[in-house]
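Rule-based calculations on the coordinates, nothing more; no lab input. If you're wondering where the values come from, they're calculated on a predicted model, not measured in any experiment. Here Cβ is always computed from backbone atoms with ideal geometry, including for glycine, and neighbour counts include all displayed protein chains.
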Amino acid sequence: MLRFSALVLLLVISSLSRAELVIEITRGADDALPIAIVPFAGTQASDNLAGIIKADLDRSGRFRSLPDAALPSQPSSSAEVRYAEWQNVGANHLVTGSVQTTASGQFQISYELFSLDRKVRLLGESLTVPASQWRDAAHFAADKIFETITGVRGIFSTKILYVNQYPHNGKLRYRLELADADGQRPLSILDSPEPILSPGWSPDGRKVAYVSFESGRPAIYSQTVATQQRTRLASFSGLNGAPAWSPDGRRMALTLSRDGNPEIYVMDIESRALSRITNHAAIDTEPRWMPDGKALVFTSDRGGSAQVYRVSLDDLKVKRLTFEGSFNARADVSPDGRYLALVNRQRGQQFQIAVQDMNNGVMNVLTQTPLDESPSFSPNGQSLVYASRKGKYGELGIVSIDGRSHVRLPARLGEVREPAWSPYLRP
């Protein structure tokens, strides 16, 4: 039986009303690959399962699925595929499948991927899952199809963590929530009358860290997702902010003003020992780790305006990384260490998401909305989730790192911000 570790983590979390996110594709890539996804044969869940695969691939910006009316037939297996009738439909690939209910009430899901150009089957799998996990199976299948065609690992089975600010009895409350990468199945892991800031994932996806003001002043907490067990990591006098787990999960970078000025520190999580990394009269904040764990990037105004810098943990030497624009902050580093995602201001009061290539320093502004913030890389490095505003309300957006594909994720309840994309969840 296929095991979905993400679901195991999430089923034990209780949730009441939640900020379900709505998917709206606002721009797709002009050269998206056309793909035919046939409605799956079988039980009532079959159409929904094929629909999720279709929506996942369309949302990636790399694919454009054909409408059902354009399909010449609806085969459910390789034995029923007739390549001749698919020659003129304008698709490069075909996905077929079926869903059957077993005697024990589980779903047996079969799916296949064909190259219509080469007239060969590229992929075929059969999964047996509890009926409650059919959405996970659909995301899993979409991941495998995406990777088989593109050579890049899919992200449809990952999660997005975010803060939901919502009204309750005339006051604002704050929830820390996580949802599938398509915004569905939101689950609340913390609800508070006080602000929650800067959520982030541990590298294995089993814990999250965040800043909470529940005691009246900022403190940094670590929380296990499955059990909701919390540990307070930092509650020093002054600022406790911007926690970021190291790639090995043993250390936490954070911003503290315990010595008077906001500086970057690294904490050994087991011993709670602190190492001060920066020492400057300016404000140093928002640390993020380089993938090798040997350096941090951070935001500082030491040059007169907010810009992104890199500090080596070996010798504590600092190097400025950003020069284009009057403001660059809230950086995230791509999993391969090549790109910086950041909030950039070129002119006026426009704060937009940009990506900078750290090999050549070239910066590309990806968004056109005026108040964007908090970019976070997907674990395959191909997309970013970020916070934006639509009128008075906060929402999330997803953009490909080449800027060709854009997706909006507004909330049905309240407004959402401070997103963090999960790593690949480990078994």
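Between rounded, prolate and oblate, where does the range 37-165 land on the alpha carbon gyration tensor, with a ≥ b ≥ c its root eigenvalues, rounded for a/c under 1.5, else prolate if a/b exceeds b/c? Walk me through the numbers on the way to the answer.
Details: a/c = 1.84, a/b = 1.22, b/c = 1.50.
Note, shape of the range 37-165 comes out oblate.
Does the chain come out rounded, prolate or oblate by the C-alpha gyration tensor, with a ≥ b ≥ c the root eigenvalues, rounded set by a/c under 1.5 and, if not, prolate when a/b is larger than b/c and oblate if not? Could you put the intermediate results ahead of the total?
Working: a/c = 2.09, a/b = 1.66, b/c = 1.26.
In terms of gyration-tensor shape, prolate.
Could you give the length gained by full extension between S126 and A226, i.e. 0.36 nm per residue of separation minus their alpha carbon distance, to one decimal place?
Values: separation 100, 0.36 × 100 = 36.00 nm, distance 2.82 nm.
So the chain would gain 33.2 nm between S126 and A226.
Where the Cα atoms of the range 63-113 are projected onto their three principal axes, how long is each span, largest first, in whole Å?
Between the extreme Cα coordinates on each principal axis of the range 63-113 lie 42, 23, 17 Å.
If you take the beta carbon distance between N88 and V362 as r and set R0 to 35 Å, what does 1/(1 + (r/R0)^6) give as a FRET efficiency, to the nearest 0.05? Before the final figure, lay out the partial values.
Details: r = 41 Å, r/R0 = 1.18.
Calculated transfer efficiency: 0.25.
By how many degrees, between 0 and 90 and to the nearest 10, does the Cα long axis of helix 45-59 differ from the longest principal axis of the chain?
Taking the Cα atoms of the chain, the angle to 45-59 is about 50 degrees.
So which of K159/K207; K144/K207; K54/K159; K171/K392; K294/K319; K54/K390 end up more than 20 Å apart by C-alpha? Don't jump to the answer; show the numbers that get you there.
Values: K159/K207 13 Å; K144/K207 26 Å; K54/K159 18 Å; K171/K392 17 Å; K294/K319 14 Å; K54/K390 27 Å.
Exceeds cut-off: K144/K207; K54/K390.
Per the helix-only calculation at 222 nm, which mean residue ellipticity applies to the chain, given -39500 (n - 2.57) for every DSSP H run of n ≥ 4 and division by its residues, nearest 500 deg cm²/dmol? Don't skip to the answer; put the middle values down first.
Working: 3 runs with 39 residues, N = 427.
It comes out at -3000 deg cm²/dmol, rounded to the nearest 500.
Full-extension gain between A281 and R118, please, as 0.36 nm times their residue separation minus the C-alpha to C-alpha distance. All intermediate terms of the calculation are to be shown ahead of the outcome.
On the way: separation 163, 0.36 × 163 = 58.68 nm, distance 6.32 nm.
Length difference between fully extended and current span is 52.4 nm.
Specify the residue with the greatest mean-square fluctuation among M358, M252, M290, computed from a Gaussian network of the chain linking alpha-carbon atoms under 10 Å apart.
Comparing M358, M252, M290 in the GNM, the peak value goes to M358.
Choose one of Y393, F351, H168: the residue whose Cα lies farthest towards the positive end of the charge dipole of the chain (beta-carbon charges +1 Lys, Arg; -1 Asp, Glu; about the Cα centre).
Projecting each Cα onto the dipole axis, the largest value belongs to H168.
Output the 0 to 90 degree angle, nearest 10, between the alpha-carbon long axis of helix 134-150 and the longest principal axis computed from the alpha carbons of the chain.
Around 90 degrees separate the two axes.
If you take the square roots of the eigenvalues of the alpha-carbon gyration tensor of the range 158-274 and sort them as a ≥ b ≥ c, do you get rounded (a/c under 1.5), prolate (a/b over b/c) or oblate? Intermediate results must be reported in sequence, preceding the final value.
On the way: a/c = 2.23, a/b = 1.27, b/c = 1.76.
Note, shape of the range 158-274 comes out oblate.
Express the relative contact order of the chain as a whole percentage, based on alpha carbon pairs under 8 Å and six or more residues apart in sequence. Each step should come with its number before you reach the end.
Numbers: 1117 pairs, mean separation 60.9, N = 427.
In percent, rounded to a whole number, it is 14.
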